[in-house]
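Just below is one structure, and these are the notes that go with it.
The values are calculated or read from the model by the stated rules, or taken from the named source; none is laboratory data. Quick caveat: nothing in here was measured; it's all calculated off a predicted structure. Cβ sites come from the backbone with ideal geometry, for glycine too, and all protein chains shown count toward neighbours.
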Amino acid sequence: MTRLFLLVAIGLTLVSTSVIAQTADAEHFWGQWRGPDATGVAPHGDPPTQWSETENIAWKVEIPGRGSASPVVWGDRVFLLTAVPVGEPVAMTTPDAAAEPPSVARGNGRRGRRGERRPRAFRLHQFTVMAIDRATGEVAWQQIAREAVPHEGFQEANGTYASGSAVTDGEHLFAFFGSWGLYAYDLDGNLQWEVDLGTRRMRNAFGEGTTPALYGDTLVVTWDHIGGQSFIVALDKRTGAERWRANRDEIDTWATPLIVEHDGRAQVIAPAMDRVYGYDLETGEIVWQSRGTTMNAIPSPVYADGIVYVMSGYRGSNLQAIRLSDARGDIAGTDAIVWQLDRDTPYVPSPLLYDDALYVIKSNDGILSVFDPATGTPHYQLQRLEGVPNIFASPVGAAGRVYIAGRDGTTLVIAHGPRYEAVASNTLDDRFDASPAIVGDELYLRGARFLYKIAES
């Protein structure tokens, strides 16, 4: 029997609201990475707790190429991004990304020296958008957004050329391939516009992987790298026209920005290696900033009840709970930081914010801590997760349960609550780096080879 974890009143005046789910339909679908409210929770979800290759698999579809973009779901379609290699390798001279620039130090906000240039071989790739029928698993449409030979590689064990997820408002699908363009389609696959933001160069062959954030008619993209000027840009979702651009003295950010509404104005919460920024969505001006983030900012923020939670975990650990009503200017050392943590924070997985529980995975390890988001008081800490020793995917929650997908093909289901309780462990013949998506009684898992729809048989 799972224990439902009741929301505890924390006595805060709710001056802010999450506005990610902006239509009545949005909360019933999974229109963006991290779900309708960007917290990892499906408020109307109730998927199975048990499955295998022979149980509760509604369909299983092989996905061409390679990608770790999470599925997004709207209406009767599941949307995926992938990069499909074609043809023979092409020799190119590229920076040697195997060695980290020695001048890059944690938190200095400066670009380091690029590595030596050397010849390498790359294949032509088709950067591809797929729409899959939810009922049958058949491909409804497929569009090649661009064919190109990548300018640099990625870590073979961890990276892909299609790591950022799509986002949809129920009318348009926005597919972001980083250096290979941003594309807007209608939900029937017709191209509406495209924008080329330039070429990014990333340290250590880490590859690209941020996802756009959508609010109203505005699409926001971060563009942090070592190969030129870093920036954050806001675009008109209807045309792709640029509304504003703010330069950033930052390098190599993978965190997806979060847009929330506070005191009647929308803010863009955008972590980076050196600090986290809050931008005014209308103007692009910095409202507040805070130092303390670590190198390789990957986890994306979550938000509820007037507090935004920002964290990182490479070459250090940092978690900051920031109350937006107090956040103005440089907030380091101020009351705007409600609580913080300097250990056991995530490297790759983003947190799950589920009612009065903040789920945090240590580094990429199968070790879980759960905190009261209002106070930082731990419900439990450093709980080892059986069967999922290595985790890139971010946990998701629904129906009083938490789903944690591991890189070895096992998804652990635990009870949502103040005490640890394992509900089920389910293993499939695949590897899961992409975060799951939940819609109603369906769970979608994108693996290295297949997309699975899990539902009661």
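Residues in region 118-138 that are surrounded by fewer than 23 Cβ atoms within 10 Å (Cβ to Cβ) and among the aromatic types (Phe, Trp, Tyr): PHE122 alone. Does at least one position in region 78-96 carry a residue that is among the charged types (D, E, K, R), assigned to a strand (DSSP E or B), modelled with pLDDT under 95 and out of contact with any Pro (no Cβ under 7 Å at 6 or more places or on another chain)? Yes, the conditions are met somewhere in region 78-96. The set of residues in region 375-405 being outside any strand (DSSP E or B) and closer than 15 Å to PRO351 by Cα consists of GLY376, ILE391, PHE392, ALA393, SER394, PRO395.
Can you report the number of residues in region 214-223 which are crowded, with 23+ Cβ neighbours inside 10 Å and either in contact (Cβ under 8 Å) with a residue 60 or more places away in the chain or of a type in the set (Lys, Arg) (or both)? Selection size over region 214-223: 1. One residue alone among LEU353, LEU324, LEU319 is in contact (Cβ under 8 Å) with a residue 40 or more places away in the chain, farther than 27 Å from PHE392 by Cβ, surrounded by 22 or more Cβ atoms within 10 Å (Cβ to Cβ) and not hydroxyl-bearing (Ser, Thr, Tyr), and that residue is LEU324. The residues on offer are TYR279, TYR303, and the sole one that is in a strand (DSSP E or B), within 17 Å of the chain's Cα centre (by Cα) and either aromatic (Phe, Trp, Tyr) or over 14 Å from ARG248 (Cβ atoms) (or both) is TYR303.
Within region 290-300, the set of residues being among the β-branched types (Val, Ile, Thr) and under 13 Å from the mean Cα position of the chain (by Cα) comprises just one member, ILE298. Evaluation of GLU27 against the conditions (1) surrounded by fewer than 16 Cβ atoms within 10 Å (Cβ to Cβ); (2) charged (D, E, K, R); (3) at pLDDT below 95 shows that the sole unmet condition is (1). If TYR309 satisfies every condition in (1) in contact (Cβ under 8 Å) with a residue 60 or more places away in the chain; (2) over 18 Å from VAL41 (Cβ atoms); (3) hydroxyl-bearing (Ser, Thr, Tyr); (4) buried (at least 24 other Cβ atoms within 10 Å of the Cβ) but one, which is the exception? So TYR309 meets the others, but not (2). Would you check if there is a residue in region 204-226 being hydrophobic (A, V, I, L, M, F, W, C), in a loop (DSSP other than H, G, I, E, B) and under 16 Å from GLY164 (Cα atoms)? Within region 204-226, one or more residues are hydrophobic (A, V, I, L, M, F, W, C), in a loop (DSSP other than H, G, I, E, B) and under 16 Å from GLY164 (Cα atoms).
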